[in-house]
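Please read the structure below before turning to the comments.
The values are calculated or read from the model by the stated rules, or taken from the named source; none is laboratory data. Bear in mind the structure is a predicted one, so any value in this text is a computation, not a measurement. Cβ atoms come from the backbone with ideal geometry, glycine included; neighbour counts cover every protein chain shown. SASA here: full protein model, heavy atoms, side chains in, ligands and nucleic acids out. Shrake-Rupley method; radii C 1.70, N 1.55, O 1.52, S 1.80 Å.
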Amino acid sequence: MNFEFAEEQELLREQARGFLSENCPGSAVRAVLDGEADYDAELWRKVAEMGWTATVIPEEFGGLGLSYLELVVIAEELGRSVAPIPFSSSVYLATEALLANGTLAQKEKWLPLLASGEAIGTFALAEGNGRPSVSSLSTRMTDDGLTGRKIPVPDGRAANFAIVVGATDSGDGASLYLVELDQEGVSQEVVRTLDFSRGHSVMVFNGAKAELLGGDGAGWSAMTALLDRAAVLFAWEQVGLADAALEQARDYAMGRYAFGRAIASYQAIKHKLAAMYVKNTLARSNCYYGAWALDSGSAELPLAAATARVGAIQASVFAAEENIQTHGGMGFTWEFDCQFYYRRAKLLSVGIGSEGYWQDRLVTAYEQTNVA
Amino acid sequence: MDFTDTQEEAAFRAEAAAWLKDNVPSQDELQGMNELEIAKMWQQRKYDAGWACIRWDKAFGGRNASAIEQVIWNQEESKYDVPGGFFVIGQGMAAPTLMTWGRPEHHERYLPKLASGEEIWCQLFSEPAGGSDLAALRTKAERDGDHWIVNGQKIWTSGAHYSDFGIVVVRTDPNVPKHKGLSYFFLDMKSPGVEIKPIRQLTGGANFNEVYFTDVRIPDSQRLGEVGQGWQVALTTLMNERAAIGGGGGGVNVDTAYRIASEVMIDDKPAIEDGAVRAKLANWYVQESGLRFTGYRSMTAMSRGEIPGPENSIGKLVGAPKNQEMASFCMDLLEMSGAIWDEKLSKEAGLLQLSYMGSPGLRIAGGTDEIMANIIAERVLGMPQEPRMDKGIPFTEVPTGNN
């Protein structure tokens with residue numbers, strides 16, 4: 001047993017942190033937040049050049065064939081820097097969906113493009129308020145093609161294709177479809193979210209050309225399995241973000257004086273930051289478990305993923321909220337960067353299912369692991 | 001990163017499991033024995049077979065095992081209901097202090113009997129005027145040739161009434177700032193002038209004591225560290241205390257709560273189907289799992305030679321309130337019957353009520369929740385201490401209020 005990263009993974013972390021501090025400073029996040037662009041295209045190009053988009057794609061499909069332990073290191077660093085790029089949509093969701101469900105032809109067509117960053121993929125599940133279920137899906141394949149409306153779709157306008165969850169009469173009631181977005185049957189409009197450093201859209205299919213990804217009627221279980229994998233990767237981003245928020249809060253508290261001394265010397269502030277540290281540490285340790293389960297193909301993945309995800313949601317949202325509180329009024333200004341963590345923490349915590357959804361998944365997985 | 005056993009670890013696990021299977025005492029064997037006798041018998045049996053304090057040097061009864069092997073042993077031993085609590089202070093706190101600060105003759109004389117359970121140790125640190133502010137302690141020791149004469153009072157001393165030896169911090173110089181005037185000794189609890197009075201806890205039990213010292217003589221050869229270096233030696237003990245008591249162990253865990261929630265009903269459906277119940281169980285599972293893997297991560301760090309650091313404060317800081325919350329919640333699930341502590345009538349034979357009543361103690365002993373949070377803030381995050389009124393002045397001039 002060994003519960004730490006290997007030396008080469010620590011080297012990768014160092015390299016990634018250095019790269020992002022140079023290429024994704026707060027001003028880069030702010031530029032997307034203030035501007036019209038859906039994402040930082042220049043940063044995306046450089047990230048792809050570094051090979052990060054190719055990390056776990058097998059070499060035969062133009063990837064690097066590295067392990068998920070490398071990918072989680074990158075995820076953590078992207079979370080720390082609140083990177084305004086469609087990495088999670090393209091790498092954790094679209095790439096994973098193709099790897100798990102694609103035919104050889106689909107993989108040969110798309111994986112090399114995803115690896116090089118030339119193509120961006122996304123995943124379209126939600127159709128409006130409330131928790132998605134098979135019976136709530138209205139998107140479906142008709143004789144004229146795919147019809148329906150997905151909202152919100154992360155990185156929809158940046159993407160070249162989407163993996164779409166649609167209803168079907170067979171199997172588990174859902175199918176995954178691969179839909180190229182540059183076609184007449186697809187239209188998109190910008191949807192403003194609370195984190196507009198990441199672009200979102202409403203995506204409408206009106207007789208769109210679409211091909212099955214995986215079996216007809218195997219889509220709901222494929223989606224559930226996909227979310228298990230994505231949950232671990234999202235959790236690592238969230239833990240990276242949570243640590244960055246804690247560090248920002250600490251640095252500010254050390255330099256800010258009130259009543260003649262650093263506010264970091266008041267127990268009210270110390271205990272708040274200690275609580276952040278505790279949540280972050282437990283979340284991180286659970287993320288190790290998730291990373292190992294993902295990488296080793298363990299049957300414990302559903303439990304490990306839900307545990308990592310719930311802990312990471314709680315830690316990151318708490319850290320982002322209390323970081324602003326620690327800053328006082330300045331934390332509430334547009335000028336300060338506290339808002340980046342606050343926006344992104346909440347975005348990541350509802351993307352791929354909320355805390356409540358994953359708490360329920362956790363107990364279900366616990367029942368299947370320990371009781372059955 | 002690999003959460004599974006290597007070949008060597010699997011072999012070690014199999015060896016440990018096989019030994020446990022053959023040697024854990026049966027209920028018949030335990031007829032008529034009290035808890036302490038059972039614990040001593042089990043500890044001696046482990047010692048004789050080389051399974052006591054396995055990380056210690058072979059010369060002292062251990063087997064030079066690695067930190068990971070300790071994890072494996074703990075996992076296997078925890079599958080059985082065997083006692084061990086009596087030895088935590090001696091083996092987990094006094095022994096590491098002896099190893100760090102004691103002389104070779106101390107090691108040879110005391111460590112093997114600590115490992116075998118033949119001798120039990122207690123910790124005489126807290127005083128009526130020195131709890132969270134431990135260094136404010138007043139029990140004084142005055143030199144008399146090659147002995148020290150000790151007068152004063154300790155409090156909250158767990159197990160003093162069945163202990164053979166104790167580690168004790170005393171004030172040897174009241175005229176210097178408080179941390180600088182302390183020295184650290186160990187003593188025979190049967191020494192003349194030691195008087196032990198049990199303190200009844202709110203649980204009704206009486207596991208801890210007041211200990212009075214009246215002209216107790218301790219040989220200078222039983223001093224650990226230099227005169228005036230007692231605080232530094234005490235920190236070795238306290239650091240190991242945090243590692244040793246960890247999450248508080250036992251009590252109510254997710255398995256218990258899940259079982260209860262599956263059996264009791266809310267509106268004619270098992271409570272476990274209720275979303276609010278599931279959310280709470282999930283949160284506690286996250287804490288339990290997070291503590292377990294945080295512990296394993298620090299074991300990996302230790303097997304690379306790192307020493308346990310202040311981050312070990314997390315175990316108790318999370319584990320003790322969690323125990324209290326879970327016990328409270330499980331009683332809520334039982335509704336009106338949650339109040340019943342009668343072991344014959346209550347669900348889980350009174351475990352929930354005992355855990356709930358004992359939880360306040362867990363949150364205070366070995367450093368309160370608040371002190372643990374201070375340790376994390378100051379020693380892990382590097383935040384400054386609160387300004388102090390006792391800094392840089394002789395202990396005799398420190399304000400004392402009504403202590």
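With the requirement that a residue be free of Cβ contacts under 8 Å to residues at least 40 places away in the same chain and over 20 Å from the mean Cα position of the chain (by Cα), what does segment A:180-195 give you?
A:GLU180, A:LEU181, A:ASP182, A:GLN183, A:GLU184, A:VAL186, A:SER187, A:GLN188, A:GLU189
Scan segment A:254-270 for residues that are within 8 Å of chain B (Cβ to nearest Cβ) and small (Gly, Ala, Ser) and jot them down. Write out each step before concluding.
Going residue by residue through segment A:254-270, those that are within 8 Å of chain B (Cβ to nearest Cβ) are A:254, A:261-262, A:264-267, A:269-270.
Listed by number, the residues that qualify are A:ALA262, A:ALA264, A:SER265.
Any idea which of (1) open to solvent by 10 Å² or more (accessible area, probe 1.4 Å); (2) touching a strand residue (DSSP E or B) at 6+ places or on another chain (Cβ under 7 Å) is the one A:SER90 doesn't satisfy?
Of (1) open to solvent by 10 Å² or more (accessible area, probe 1.4 Å); (2) touching a strand residue (DSSP E or B) at 6+ places or on another chain (Cβ under 7 Å), only one is false for A:SER90: (1).
Taking A:ASP216 and the conditions (1) more than 9 Å from chain B (Cβ to nearest Cβ); (2) surrounded by fewer than 24 Cβ atoms within 10 Å (Cβ to Cβ); (3) over 30 Å from A:ASP144 (Cβ atoms), which numbered condition does it fall short on, given that it satisfies the others?
Of the numbered conditions (1) more than 9 Å from chain B (Cβ to nearest Cβ); (2) surrounded by fewer than 24 Cβ atoms within 10 Å (Cβ to Cβ); (3) over 30 Å from A:ASP144 (Cβ atoms), the odd one out for A:ASP216 is (3).
With polar (S, T, N, Q) and within 14 Å of chain A (Cβ to nearest Cβ) as the only criterion, which of B:GLN222, B:GLN232, B:GLN287 stands out?
B:GLN287
Tell me, which residue of segment B:257-271 that is farther than 17 Å from B:ASN323 by Cα and in contact with a strand residue (DSSP E or B) (Cβ under 9 Å, 6 or more places away or on another chain) is farthest from the other protein chains (Cβ to nearest Cβ)?
B:VAL264
Just checking, does segment B:210-232 include any residue being surrounded by fewer than 15 Cβ atoms within 10 Å (Cβ to Cβ) and within 26 Å of B:VAL318 (Cβ to Cβ)?
no
Failed condition for A:TYR39, given (1) more than 20 Å from the chain's Cα centre (by Cα); (2) part of a loop (DSSP other than H, G, I, E, B), with all others met?
(1)
Of all residues in segment A:194-231, which are polar (S, T, N, Q) and not in a helix (DSSP H, G or I)? Before the answer, list the steps.
So the first thing to find is which residues in segment A:194-231 are polar (S, T, N, Q), and the list is A:197, A:201, A:206, A:221, A:224.
Passing the criteria: A:SER197, A:SER201, A:ASN206.
Just to be sure, is A:VAL56 hydrophobic (A, V, I, L, M, F, W, C), without any contact (Cβ under 8 Å) to a residue 60 or more places away in the chain and assigned to a loop (DSSP other than H, G, I, E, B)?
For A:VAL56, the condition - hydrophobic (A, V, I, L, M, F, W, C), without any contact (Cβ under 8 Å) to a residue 60 or more places away in the chain and assigned to a loop (DSSP other than H, G, I, E, B) - is met.
Might you check whether a residue that is more than 23 Å from B:LEU362 (Cβ to Cβ), open to solvent by 20 Å² or more (accessible area, probe 1.4 Å) and touching a Phe, Trp or Tyr at 6+ places or on another chain (Cβ under 8 Å) occurs anywhere in segment B:134-151?
Yes, some residue in segment B:134-151 is more than 23 Å from B:LEU362 (Cβ to Cβ), open to solvent by 20 Å² or more (accessible area, probe 1.4 Å) and touching a Phe, Trp or Tyr at 6+ places or on another chain (Cβ under 8 Å).
Which one is nearest to B:VAL227 (Cα to Cα), of the residues in segment B:86-111 that are in contact with a Gly (Cβ under 9 Å, 6 or more places away or on another chain) and not β-branched (Val, Ile, Thr)?
Per the stated criteria, the residue is B:TRP101.
Results for (1) under 30 Å from A:PHE5 (Cβ atoms); (2) over 16 Å from the mean Cα position of the chain (by Cα); (3) more than 9 Å from every other protein chain (Cβ to nearest Cβ); (4) among the aliphatic types (A, V, I, L, M), shown as yes or no for each residue.
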{"site": "B:THR300", "(1), (2), (3), (4)": "yes, yes, no, no"}
{"site": "B:ASN312", "(1), (2), (3), (4)": "yes, no, yes, no"}
{"site": "B:GLY338", "(1), (2), (3), (4)": "no, yes, yes, no"}
{"site": "B:LYS344", "(1), (2), (3), (4)": "no, yes, yes, no"}
{"site": "B:ILE364", "(1), (2), (3), (4)": "no, no, yes, yes"}
{"site": "B:MET372", "(1), (2), (3), (4)": "yes, no, no, yes"}
{"site": "B:GLN385", "(1), (2), (3), (4)": "no, yes, no, no"}
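Name the residue, out of A:VAL278, A:VAL202, that is in the same structural domain as A:ASP143 (by TED's automatic domain parsing), of a type in the set (Val, Ile, Thr) and open to solvent by less than 40 Å² (accessible area, probe 1.4 Å).
A:VAL202
Please go through segment A:1-17 and give me each residue that is within 14 Å of chain B (Cβ to nearest Cβ) and open to solvent by 50 Å² or more (accessible area, probe 1.4 Å), ordered by number. Write out each step before concluding.
Restricting attention to segment A:1-17, the residues satisfying the condition of being within 14 Å of chain B (Cβ to nearest Cβ) are A:1-10, A:12-13.
Answer for segment A:1-17, where residues must be within 14 Å of chain B (Cβ to nearest Cβ) and open to solvent by 50 Å² or more (accessible area, probe 1.4 Å): A:ASN2, A:GLU7, A:GLU8, A:GLU10.
Filter segment B:39-64 down to the residues that are surrounded by fewer than 19 Cβ atoms within 10 Å (Cβ to Cβ) and either acidic (Asp, Glu) or not in a helix (DSSP H, G or I) (or both) and list them by number.
The answer is B:ASP48, B:ALA49, B:GLY50, B:ARG55, B:ASP57, B:ARG63, B:ASN64.
Is it fair to say B:ALA11 is at pLDDT 95 or above and within 14 Å of chain A (Cβ to nearest Cβ)?
Considered against the rule, which asks whether it is at pLDDT 95 or above and within 14 Å of chain A (Cβ to nearest Cβ), B:ALA11 comes out as yes.
Condition test on A:LEU20, is it within 15 Å of A:GLU77 (Cα to Cα) and open to solvent by less than 60 Å² (accessible area, probe 1.4 Å)?
yes
Only one residue in A:ARG261, A:ARG284 is within 23 Å of A:LEU71 (Cβ to Cβ) and either among the small types (Gly, Ala, Ser) or open to solvent by 10 Å² or more (accessible area, probe 1.4 Å) (or both), so which one is that?
Within the list A:ARG261, A:ARG284, the selection yields A:ARG284.
Among the numbered criteria (1) in contact with a Phe, Trp or Tyr (Cβ under 6 Å, 6 or more places away or on another chain); (2) open to solvent by 10 Å² or more (accessible area, probe 1.4 Å); (3) among the hydroxyl-bearing types (Ser, Thr, Tyr), which one does B:TYR80 miss?
With (1) in contact with a Phe, Trp or Tyr (Cβ under 6 Å, 6 or more places away or on another chain); (2) open to solvent by 10 Å² or more (accessible area, probe 1.4 Å); (3) among the hydroxyl-bearing types (Ser, Thr, Tyr) applied to B:TYR80, the lone miss is (1).
Do we have any residue at all in segment A:313-321 that's at the interface with chain B (Cβ under 8 Å from one of its Cβ atoms) and either in contact with a His (Cβ under 9 Å, 6 or more places away or on another chain) or farther than 18 Å from A:ALA249 by Cα (or both)?
Checking segment A:313-321: not a single residue is at the interface with chain B (Cβ under 8 Å from one of its Cβ atoms) and either in contact with a His (Cβ under 9 Å, 6 or more places away or on another chain) or farther than 18 Å from A:ALA249 by Cα (or both).
If you check A:ALA41, A:ALA37, A:ALA28, A:ALA48, which single one turns out to be open to solvent by 10 Å² or more (accessible area, probe 1.4 Å), away from every other protein chain (no Cβ under 14 Å) and over 17 Å from A:ILE120 (Cβ atoms)?
Only one candidate passes the filter, namely A:ALA28.
Is it true that A:PHE234 is assigned to a loop (DSSP other than H, G, I, E, B), in contact with a helix residue (DSSP H, G or I) (Cβ under 8 Å, 6 or more places away or on another chain), among the hydrophobic types (A, V, I, L, M, F, W, C) and surrounded by 17 or more Cβ atoms within 10 Å (Cβ to Cβ)?
Considered against the rule, which asks whether it is assigned to a loop (DSSP other than H, G, I, E, B), in contact with a helix residue (DSSP H, G or I) (Cβ under 8 Å, 6 or more places away or on another chain), among the hydrophobic types (A, V, I, L, M, F, W, C) and surrounded by 17 or more Cβ atoms within 10 Å (Cβ to Cβ), A:PHE234 comes out as no.
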